[in-house]
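What follows is a single structure, written as structure tokens, with notes after it.
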Amino acid sequence: MIDNKIKINYKKIAITLAIVMLCPLSGCGKKQVDYSDATEGQVEVVESDIPQHLDYTITGAYSDVVVNADVVVPDAYKSCTVMELTKKIFETSDIEYYVDYFFDEGTDFLYMPYNKEEFAEIKGNMEPLLKQATDPRVIDAFECAMEEPESYPETEEEMFDEYRFYNMITDERCQIFGAIDGEYYVLSFFKDDSNCVMMLERFDNTSPNLWLEDVAEDDYYLRTSGNICTYTQEEAEKLALDYVKELGYEDFGIIQTNNTQSEYWFKEGDKEVSVDGYSIYLGRTYDNYSYVYSTYDCPDYNTDGQIVFGENGSFKEKIHEYIRVYVDSKGIRHMYYFNPMEEVGALSDEVAFLDFSKVQAVVDENFERMADLEIYGSEINISEIRLGYGYVNDGDNWTLIPMWYFFSEIAGFTGGNYVQLRINAIDGSIVLDADNVMYIEDIESLEELENLEDVEVIIDEE
């Protein structure tokens, strides 16, 4: 099984995958070739070797793997820069810079109500602002923020009982309240052993009564009322891209845009649901290559809390760098920047790709193994194959290389975008996550895997 992280209900069961189970060429996400010399030792593929569409079925003991997929490659795909990057941590100087950059002068104050004294100070700052507010959502956000908790938490369990204390679980955090052109925003920085995040969000975005969700084309509200955003999708994308570039993030391009639904519960019990705006996802882009979007690698709002705070203070899956900008009818509602990176330098701008027939041989061998496992169900459908950027880890640094992505749903949001397999396009290795671990959902799946050869089972009950 190549998707190596599936949430479980009551216990984490980690399965360490032996390379033999996957295939002899498996790289497990580690750098197997010297990418500074990515033109040597490989047979360069010619364009005619890459099919435009694949249509075949592999039948196993328990499942059919049905491949009916378009093969999508970048324009002039042979021009590919292999870029080495290193993780950047937001420091105090960065926080001071962004506070000065974003907020109207004299409007900002520390927004970290984690004890009685801090809460009283913040409440004093917010009371005059609440009196001036007219938007019911902003009023609701103020009232929720100023409602004093019955007690202040001393344990992680108590922190999870009160939404305002979630961020105490991270190792380091900082939140600042302020105004941007008269509109109230919260600027937040969080980091722990796994992730580092900057969040700029309009204040009404922080209310616990708000639920945001990227929705598919068949969503009821989208079908019946459409996207009511006063910006067109193209205008929203331009606004997001221009804003990101103004912040100095020049090497980012749009990799996905989803319709976004907001559900607001007012205190009187009334609910307002609408599709108002777009979530624009941006990833590293060099030449014709971009980081490839998937709902696993670029989670939406459902998993933000897990990324930032996580179970027991850490999110098991380390999320790679990407930016998400939400544009609604009032403009930019929020911008989240996950795990910023900075360039070390280009390792190569000429890549010799492994012949696609060899890539397909690796893939088919793994599909055959998957079809023989009962845990996959009766059918696995591969509906798109895409060539784009992905990360491999090399110690402290990360390298963007070309990868083949095998999607079990068509790229382009349809309620999910699941990567079944990723193949290093240079050496044919299978790319797993950094820890080479997958999480399975139930004991029955565990018992089945324990009977397989070349699989080491580790029980993690934390």
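Post the alpha-carbon centroid distance, region 168-223 to region 374-396, in whole angstrom.
Spelled out, the Cα-based centre of one part sits 29 Å from the other.
Under the 0.36 nm per residue contour assumption, what length would be gained going from the current alpha-carbon distance of Ser151 and Glu250 to full extension?
Fully extending the segment from Ser151 to Glu250 adds 31.1 nm.
As a test question: what accessible area, to the nearest 10 Å², does Arg386 have when a 1.4 Å probe is rolled over all protein chains in place?
70
Pairs Lys191/Lys330; Lys238/Lys358; Lys191/Lys245: which are spaced more than 32 Å apart, C-alpha to C-alpha?
Going by Cα-Cα distance, Lys238/Lys358 fall outside the 32 Å limit.
When you count, for each residue, the other Cβ atoms within 10 Å and take the mean per peptide, how do 105-114, 123-132 rank with the highest first?
The peptides rank, most packed first, as 105-114, 123-132.
Could you calculate the FRET efficiency of Glu234 with Trp265 from 1/(1 + (r/R0)^6), where r is the beta carbon distance between them and R0 is 45 Å, rounded to 0.05?
Calculated transfer efficiency: 0.90.
At 1.4 Å probe size, with no ligands or nucleic acids counted, give the accessible surface of Val73 in Å², nearest ten.
50
To the nearest whole percent, what portion of all C-alpha pairs in region 188-307 is separated by more than 24 angstrom?
34
Can you compute 3J(HN,Hα) from phi for each residue in region 104-114, using the Karplus curve 6.51 cos²θ - 1.76 cosθ + 1.60 with θ = phi - 60°, rounded to whole Hz and x for Gly and Pro?
Couplings: 4, 4, x, 9, 8, 8, 5, 10, 9, x, 9 Hz.
Suppose accessible area is computed on protein heavy atoms with a 1.4 Å probe; arrange Lys238, Lys245 from highest to lowest.
Putting Lys238, Lys245 in descending order of accessible area: Lys238, Lys245.
The values are calculated or read from the model by the stated rules, or taken from the named source; none is laboratory data. Just so we're clear, the structure is a prediction, and the values are computed from it rather than from any experiment. All Cβ positions, even for glycine, are placed from backbone atoms using ideal geometry, and neighbour counts span all protein chains on display. Please note that ligands, DNA and RNA were not included when accessible areas were found on the heavy atoms of the full protein model with its side chains. Shrake-Rupley method; radii C 1.70, N 1.55, O 1.52, S 1.80 Å.
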